[in-house]
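The values are calculated or read from the model by the stated rules, or taken from the named source; none is laboratory data. Worth saying up front: this structure is predicted, and the values here are computed from it rather than measured. Quick reminder, even Gly has a Cβ in these numbers, built from the backbone with ideal geometry, and neighbours come from all protein chains shown. Note: accessible area is taken over every heavy atom of the protein model, side chains too, but ligands, DNA and RNA are not part of it. Shrake-Rupley method; radii C 1.70, N 1.55, O 1.52, S 1.80 Å.
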Amino acid sequence: MAEGWMRKRGELNSAWRRRYFVLCDIPDTGRVLFYYGSREMANRMVSTGDATHKGAVFLRKCIGCRMETVAGKDEPAIVLVTSDRLWSMVPDSQQEFSFWLDMFNKSIGEAAPLLRSSDGAGDKSPGNGAAEIEGPLATPRSPDGHGLGLAGLAG
């Protein structure tokens, strides 16, 4: 469905690590965002079925998507919100940011509203008040699809 490089902040180790992401549809599971240490590991999993991924985000478990500014930097991050974790990712370009944000919002669906972003202060608790956090809305822009280097995947 979509694939490409982004930086991801770890849950326990808060350092930003470059990961290769693949968003795909899994029968009886829905859309899943897998991430890998390299594109080769992603290709291996797709071709052989070997579990080579470092982790996965099951988008059906997401209760929303928001944008926030990375603390100490002037760059936007996409944050997927689940009941137990925030998944923060920074795409390589503004065009890819818009593409991924649009893909996540479409994948999560209308049942999960766009959330107001935090001010980058590092609130890691989505909790019940997540939709009430003040800040700009994460508004997706329509990507033109050119130059993204993203390939479609068979389900």
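The table that follows gives values for the structure above.
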| quantity | calculated |
| --- | --- |
| Matching residues, region 25-36, being open to solvent by 10 Å² or more (accessible area, probe 1.4 Å) and under 15 Å from Trp5 (Cα atoms) | Phe34, Tyr35 |
| Residue within region 50-70 that is assigned to a helix (DSSP H, G or I), of a type outside the set (Gly, Ala, Ser) and surrounded by fewer than 18 Cβ atoms within 10 Å (Cβ to Cβ) present | yes |
| Hey, Arg85 touching a residue at least 60 places away in the same chain (Cβ under 8 Å) and surrounded by fewer than 16 Cβ atoms within 10 Å (Cβ to Cβ) or not | yes |
| Pick from region 34-66, criterion hydroxyl-bearing (Ser, Thr, Tyr) and in contact with a His (Cβ under 8 Å, 6 or more places away or on another chain), ranking: farthest from Ile108 (Cα to Cα) | Tyr36 |
| Candidate set: region 22-43, residues that are in a strand (DSSP E or B) and out of contact with any helix residue (DSSP H, G or I) (no Cβ under 8 Å at 6 or more places or on another chain); chosen: the one nearest to Gly55 (Cα to Cα) | Tyr35 |
| Whichever residue in region 3-14 is at pLDDT 90 or above and not charged (D, E, K, R) and, among such residues, is surrounded by the fewest Cβ atoms within 10 Å (Cβ to Cβ) | Trp5 |
